[in-house]
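Notes follow the structure.
Bear in mind that the values in this text are calculations on the coordinates, not laboratory data. What you are looking at is a predicted structure, and each value in this text was computed from that prediction instead of being measured. Positions of Cβ are backbone-derived with ideal geometry, glycine not excepted, and every protein chain shown enters the neighbour counts.
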Amino acid sequence: MQKFSICFISFFVLFSFSMINIFFFSYFVMNNLVYILEWELISFSSMSIVMSILLDWMSLLFMMFVSLISSVVIFYSKSYMSSELNLNRFIILVLLFVFSMILLIISPNIISILLGWDGLGLVSYCLVIYYQNIKSYNAGMLTALSNRVGDVFILMVISWMMNYGSWNYFFYLDFMVNDYMMMMISVMIIMAAMTKSAQIPFSSWLPAAMAAPTPVSALVHSSTLVTAGVYLLIRFNSLLIDMFFFKVLLLLSGLTMFMAGISANYEFDLKKIIALSTLSQLGLMMSILSMGFPDLAFFHLLTHAMFKALLFMCAGVIIHMMNDIQDIRFMGGISNFIPLTCLCLNVSNMALCGIPFLAGFYSKDLILEMVSMSNLNFFIFLLYYVSTGLTMFYSFRLTMYLMINDFNLLSVYNLYDEDYVMLKSMFTLMMMSVLSGSMLMWSIFSYPYMIYLPLNIKLMVIYVSILGAFLGYLMSNMNIYSMNKYLKSYNLSSFLCLMWFMPNLSTYGLNFYFLNYGQLMLKNIDMGWSEFYSGQGLVLILKNYTVFYSFFQMNNNFKIYLFSFVLWVCFLMMFMMIYLNSL
Amino acid sequence: MGQSMGSFGARNVDLYMNDNPTFDPQTGFSFERKPREMKAREEDLISARIPPQFRDYCAHYLLDYQVCRYKNMPMLYKCAHEKHDYLNCEHQDYVLRMKEFERERRLRLREQRIVGAA
Amino acid sequence: MFYFMNSNKMFFIFILFFSTLISISSNSWLGCWIGLEINLLSFIPLISNSNNLLSSEASLKYFLTQSIASINFLFFILLKMIFMKNFEMNNFFSIMINSSLLMKMGSAPFHFWFPNIVEGLSWFNNFILMSWQKISPIILLSYYFNKNFLILIIMLNAIIGAIGGLNQTSLRKLMAFSSINNLSWMMSSIMISENLWIFYFLFYSMLISIMCFMFYMLNLFFINQLFFININYLIKLSLLINFLSLGGLPPFIGFFPKWIIINFFMNNNFYFITFILIMSSLILLFFYIRIIYSSFMFNYLKLKWIKIYFKNKMFILLNFISMVSILGMILSTFFFL
Amino acid sequence: MANVPFLGLKTHSQKVCSLFKRTLRNLEAFYDRRNVYRYQAVLMRERFDKNAQVKDMRVATQLLKQGEEELFLQQHSIPRKFPLSPGGVAYERVVQSPDWVLDYWHPLEKAQYPEYFKRREERKKEFIAMWEKEYGKEEKKDQHH
């Protein structure tokens, strides 16, 4: 009976769904097919709200990856969440998340996108606050509100698209490129995507969202939810190519990539390091997207989903094993105790760094070479390559902290690879993160890219990687007499460590004004004038009226009443007489 | 960056990467230059649904590659040769374009020299 | 309550119905007057109840007011016959005839008898007084009315009905004021067309029939009786929803006739009256909700030996009408799909 | 609790000890390897010991203030917290409901654990008896409101 738990059933269903999708994907990519299904819900004023489904190779492939990762994550959480009382609720939340993600993936209609988009925001909020303590409530509110900004932009896009008479943006992409309204729409879409993918002004929520349970982080905050923004922009790409704002996006996402890479080096929370590396990779996707290579962004999105989910799952095993400790300063030397998990961790870390022939190599190397092939200014070029080096840097630092040094928590300890449920699911993803790069490279690029570079520029990736790895080794190396590098540059370090003070600037600093204004409003309007003029005041006036009225009613003097009626009649009679006399 | 560094030396003649050649194609050549011929037929490209930006002088190799992909759908590594041919052709094309760029740069320098001498 | 138990009352109720038919179908004013008189005389025996002192007081009061109104009515139709030709309009005559009719139906400036008498009546008599007894005066009103005067009266009705009911604790008086308020809607509908009035009247009488039956069955006369915890929660809930429907809250069917009247008023540019009517029904809804809200909240009275329930037969009838009242508007949209 | 002035009051030596402990925690955050941390902790201990013999309270207070300031200026951005202690990641993740919640269970729920609740009622009675023995009976107040 244990076999048929909700985890197993969901795993089975999602896994089969993923297999179906891979079949259909190969059929669609072979025949270059696109299917659109439409169902009209309501039509008013010649505008129709339709539920539409777009199936092409891109949506099918993304669905396949999402359902594969989610099935594996659900299988994993059977063990990770085994002592959870509300396991059913957890799994159902995850399934709801997958459902709204799929809704987002397959819809070419901005209204049904909103359905998926809002679903993602809501469910991710519920998942972040899953452990109901103060920290996760704060993180959840930060996540929800940051994403809410994007929701509002999507809503505004809906109202702008009303001008076209339909919300199927898919049909307008080619023809309305130079339209003013479409320009507004695309700016808003870019803003929405920036909130969802945590680009620079909005990036403080992604590390905060690590308060969620680790399987959630693996599924939601690394591979699927945060890539929703990238996916949306991939869909809108043909519209955005020549826009000025897309250049701004290139700058912002490059900075995101750089900032996250640096902050990951200063971070000590295991999950936050991985979250920041996710942020860095998201910046990479966004920036290559804004240079006009949507398929490269998509490629990196998919491979990244694989190895980042795996990385999170390994981190989950470590956290599970270490009694909820996430601080890497407590860890060390665990490769002696959990070799299999460390194997997976290393594979995914190397894939992240782009070590040749793992998944990340194919996408990242291609992206960097295409960057070298394009016309760019030196600053963007620098951002790309420095961030690549930084990826290596923090990955090596993480590896050193986790595996090489001595165990740093207790003097008596017993750690072991306890759980084959977790290991099985991790091995599935490990296979995928080894293989998926080359598989995807073959299958999705029907039109291959030609790269032709001088030797040194071609080898630049390797140079920065080696440099980064060396620095990462140095950074985690600590002798008794070593100077404290952090203390020597305290101000700069805090600046970099706290994500360029972005949480303070974009959330804590900003929301003070809104809260203050809200309190003023509450005091003056809600509990002040509007109470006086609508609620209490109206009742008071009506009460006075009814008291005044009761004075007449409750005298209950029937004689006066009848007499007054007769008087009224006589009064009218008198006037009538005057009137009749005047005739 | 390779691109921008490569074209950096041409800034003094106001030449950028995406500029078109402005001189007569025959200038400075002793033999007659022929325009390149498009080997892939338009209707083939249309029927294969090749996007417009890929319909260049190497499109016939691309067509071969697409056909191969269609034939061996799951085992795509079998199309390595076709892919290589296509990329090789693209590479030759790129080299040609770079040569044209260099020629344009030199011609412009020469023009400046002549004007400056006069 | 039901008069088929009592042959005398059955006889009078028969006469009551037919007198109304006489009055609204006669083609002379005198015939109308005769119908009204018969109506008055047949309703008084229905009111009287030898066990209840209040009812005989109520019947006397009813007799007095109605007879004064009838006298005036008779006097003015005779005067009109003397002074004026047929189909001739005159402000003063119309105002005077209207006044006596307004008094007969208990409309606003002449309504003071209405809440008093209602206090002495049983719920079924109340129901008759609030619905059937309104028919003949309103129909007669539609024959010969002064528009400006009537508009004034409509606004007065709306405001008085709303304000008077605010601090009532007696459910019968409350229903009386609610009927005064609804009278304003009815009079405004009769200004538009007779069909519209029939439409409104049917819905209104259906809604108050539910209320009256329900109060009768639960034996409720005052608000604080609603606070009994013995009353089933579902009964309270259905009371709430029927109240909301009576007040005219949108998803329920009580909104439907009001909606249509508002629509016609808009077409005829009666914006100000519409405003007054809607605002007064807001106040009406306020005190309906207040009653039910407190009955949900203050469950502090607990009767020991009483179990409050509906008789089965009634329950089915009541449920059916309630269902129409609650879901009518929603279900009726399916006919137009 | 404004009328209880002595609760927040600490002696000077308590304040110094507290400062020393916080300093050590801060060092722990900076120097994560144990041996390195020990070395730094010894150095820090020496700095404290150097001023241990200061008799003049004015100077001592000044030194304490300086120490607090230095600690504040060198506070680690990501302090090292144990997961279950306040500020840690898993703090209050598992909520222990207080004991009185059990009294508000529905009788049907209580009936599922008859033995426990029987004993609980007995214990309650015993506790009330003990209470009344110690503090006397509760006066009957006017419950009407």
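For residue C:222, which sequence-distant residues (separation of 5 or more, or a different chain) have an amide H within less than 5 Å of its own amide H, given hydrogens modelled in the peptide plane?
Answer set, sorted by chain and number: C:171.
Can you find, among A:300, D:73, A:275, the residue sitting farthest towards the positive end of the charge dipole of the protein assembly as shown, where Lys and Arg contribute +1 and Asp and Glu -1 at Cβ?
Ranked along the dipole, the leading option is D:73.
Hey, with R₀ at 60 Å, roughly what FRET efficiency would residue A:510 and residue A:340 work out to, going by the Cβ-Cβ distance, to 0.05?
0.85
Helix-derived [θ] at 222 nm for the protein assembly as shown: sum -39500 (n - 2.57) over DSSP H runs of at least 4, divide by residue count, nearest 500?
-22000 deg cm²/dmol
Through the Karplus equation 6.51 cos²θ - 1.76 cosθ + 1.60, θ set to phi - 60°, convert the phi angles of segment A:180-192 into ³J(HN,Hα) values in whole Hz; use x for Gly and Pro.
Per-residue couplings from phi come out as 5, 5, 5, 5, 4, 4, 6, 4, 5, 4, 5, 4, 4 Hz.
Are there DSSP H segments in chain C that both extend 24 Å or more along their axis (alpha-carbon positions) and score a mean Kyte-Doolittle hydropathy of at least 0.0? List them, or say none. Write down the numbers at each step before the final one.
On the way: long enough: C:7-25 (27 Å, 1.59); C:29-47 (27 Å, 1.59); C:53-83 (45 Å, 1.28); C:147-164 (25 Å, 1.94); C:171-192 (32 Å, 0.76); C:194-218 (35 Å, 1.58); C:271-297 (38 Å, 1.93); C:312-332 (27 Å, 1.67).
Helix filter hits for chain C: C:7-25, C:29-47, C:53-83, C:147-164, C:171-192, C:194-218, C:271-297, C:312-332.
Based on alpha-carbon atoms only, what is the radius of gyration of segment A:243-476 relative to the globular estimate 2.2 N^0.38 Å?
Relative to the rule-of-thumb radius for its length, segment A:243-476 sits at 1.02.
According to a simple spin-label model (label point 7 Å from Cα along Cα-to-Cβ), what is the distance in nm between residue C:169 and residue D:126?
5.3
Hey, with R₀ at 41 Å, roughly what FRET efficiency would residue A:412 and residue D:135 work out to, going by the Cβ-Cβ distance, to 0.05?
With a Förster radius of 41 Å, E is 0.30.
List the relative contact order of segment A:316-421 as a percent without decimals, with contacts defined as Cα pairs under 8 Å and 6+ residues apart.
Reported as a whole number, the value is 48 percent.
In percent, how large is the relative contact order of chain C, given Cα pairs closer than 8 Å and 6 or more residues apart?
15
How big is the dipole moment of chain B about its Cα centre under a simple scheme where the beta carbon of each Lys and Arg is +1, that of each Asp and Glu is -1, and everything else is neutral? Debye, nearest 20, please.
240
How tilted is helix B:59-71 with respect to the longest principal axis of chain B? Cα atoms for both, answer in degrees (0 to 90, nearest 10).
20
How would you classify segment D:12-73 from its alpha-carbon gyration tensor, with a ≥ b ≥ c the square roots of the eigenvalues: rounded for a/c under 1.5, else prolate if a/b is greater than b/c, otherwise oblate?
Prolate shape, in that a/c is at least 1.5 and a/b is the bigger ratio.
Rank-order C:187-193, A:46-52 by packing density, defined as the average count of other C-beta atoms within 10 Å over each peptide's residues, highest first.
Averaged packing, sorted descending, gives the order C:187-193, A:46-52.
Can you tell which of A:323, A:473, A:402 lies farthest toward the positive end of the dipole of segment A:243-476, using +1 and -1 charges on the Cβ of basic and acidic side chains (Lys, Arg; Asp, Glu)?
My answer, from the dipole projection, is A:473.
Which links in A:488/D:81; A:78/A:364; B:34/B:78; C:304/D:118 stretch past 25 Å when you go from one Cα to the other?
A:78/A:364; B:34/B:78; C:304/D:118
Using the C-alpha atoms of the protein assembly as shown, what convex hull volume per residue, in cubic angstrom, is computed?
347
Could you give me the percent of Cα pairs per 20 Å distance bin for chain A, shortest bin first, beginning at zero and ending with the bin that holds the maximum distance?
Bin by bin from 0 Å, the calculated values are 19, 48, 19, 7, 5, 2, 0.
Once the Cα atoms of helix D:34-50 and of chain D are each reduced to a long axis, what angle between those two axes, in degrees from 0 to 90 to the nearest 10, is obtained?
80
With θ set to phi - 60°, apply the Karplus curve 6.51 cos²θ - 1.76 cosθ + 1.60 along segment A:218-228 and write out the HN-Hα couplings as whole Hz, x wherever there is a Gly or Pro.
5, 7, 7, 8, 10, 9, 10, 4, 5, 8, 4
Semi-axes of the equivalent ellipsoid of segment A:438-583: what are they in whole Å, largest first, if each equals the square root of 5 times a C-alpha gyration tensor eigenvalue?
The equivalent ellipsoid of segment A:438-583 has semi-axes of 92, 30, 14 Å.
Per residue of A:137-145, how many C-beta atoms from partner chains lie within 10 Å of its own C-beta, taken as a mean?
0
Could you work out the mean projected area of the convex hull around the alpha carbons of segment A:70-214, in square nanometres to one decimal?
Taking a quarter of the hull surface, the average projection is 9.3 nm².
So how do D:113, B:57 line up by other beta-carbon neighbours within 10 Å, fewest first?
D:113, B:57
Placing +1 at every Lys and Arg Cβ and -1 at every Asp and Glu Cβ, with all other atoms neutral, what dipole size does chain A have around its Cα centre, in debye to the nearest 20?
The calculation lands at about 780 debye.
Determine which lysines satisfy two conditions relative to residue C:9: a Cα distance under 29 Å, and not lying fewer than 8 residues away in the same chain.
In chain and number order, the partners are C:61, C:104, C:134, C:173, C:311, C:313.
Which of the aspartates and glutamates could a cross-linker span from residue C:80 if the Cα-Cα distance has to be under 20 Å and same-chain partners fewer than 8 positions apart are dropped?
C:37, C:88
Take every residue in peptide A:439-451, count the Cβ atoms of other chains within 10 Å of its Cβ, and give the average of those counts.
If you average over the peptide's residues, the count of other-chain Cβ atoms is 5.
For segment A:78-95, just list the computed ³J(HN,Hα) in residue order, Karplus coefficients 6.51, -1.76 and 1.60, θ = phi - 60°, integers in Hz, with x standing in for Gly and Pro.
3J(HN,Hα) across segment A:78-95, in whole Hz: 4, 8, 5, 9, 5, 8, 7, 6, 9, 4, 4, 4, 4, 5, 5, 4, 4, 5.
Among A:353, B:89, rank each residue by its count of other Cβ atoms within 10 Å, from fewest to most, as a rough exposure measure.
Working: A:353 26, B:89 19.
Sorted ascending by nearby Cβ count, the order is B:89, A:353.
Starting from the alpha-carbon convex hull of segment A:510-582, give the projected area averaged over all orientations, in nm².
Details: hull surface 37.1 nm².
The directionally averaged projection comes out at 9.3 nm².
Given Cα pairs under 8 Å that are at least 6 residues apart, what percent is the relative contact order of chain B? Spell out each step's value before the answer.
Working: 61 pairs, mean separation 29.9, N = 118.
Across chain B, relative contact order equals 25 percent.
Along each principal axis of its Cα atoms, how long is chain C end to end? Whole angstroms, biggest number first, please.
So the three principal-axis extents are 68, 50, 37 Å.
Which value, in debye to the nearest 20, describes the size of the charge dipole of segment A:1-154 about its Cα centre when Lys and Arg Cβ atoms bear +1, Asp and Glu Cβ atoms bear -1, and nothing else is charged?
540
Restrict the search to segment C:18-107; then list the trypsin sites (Lys or Arg not before Pro) that DSSP places in a loop and that have at most 12 other Cβ atoms within 10 Å of their Cβ. Present the calculation step by step, with values, prior to reporting the outcome.
Numbers: sites: C:61, C:80, C:85, C:104; in loops: C:85.
Within segment C:18-107, the qualifying trypsin sites (Lys or Arg not before Pro) (loop, at most 12 other Cβ atoms within 10 Å) are C:85.
Can you give the three extents of the C-alpha atoms in segment B:10-108 along their principal axes, from longest to shortest, in whole Å?
51, 25, 23
Test of understanding: ordering D:76, A:221 by Cβ neighbours within 10 Å, fewest first, what list do you get?
Ascending Cβ contact count within 10 Å gives the list D:76, A:221.
By how many degrees, 0 to 90 and rounded to 10, does the Cα axis of helix D:114-135 deviate from the longest principal axis of chain D?
Helix D:114-135 sits roughly 70 degrees off the main axis of chain D.
Just to verify a number: FRET efficiency for residue C:89 and residue A:163, C-beta to C-beta distance, R0 = 60 Å, to 0.05?
Using R0 = 60 Å, I get an efficiency of 0.65.
Sort by residue number and name the cysteines in the protein assembly as shown that have no neighbouring cysteine Cβ under 4.7 Å.
That list is A:7, A:126, A:314, A:342, A:344, A:353, A:497, A:570, C:32, C:212, D:17.
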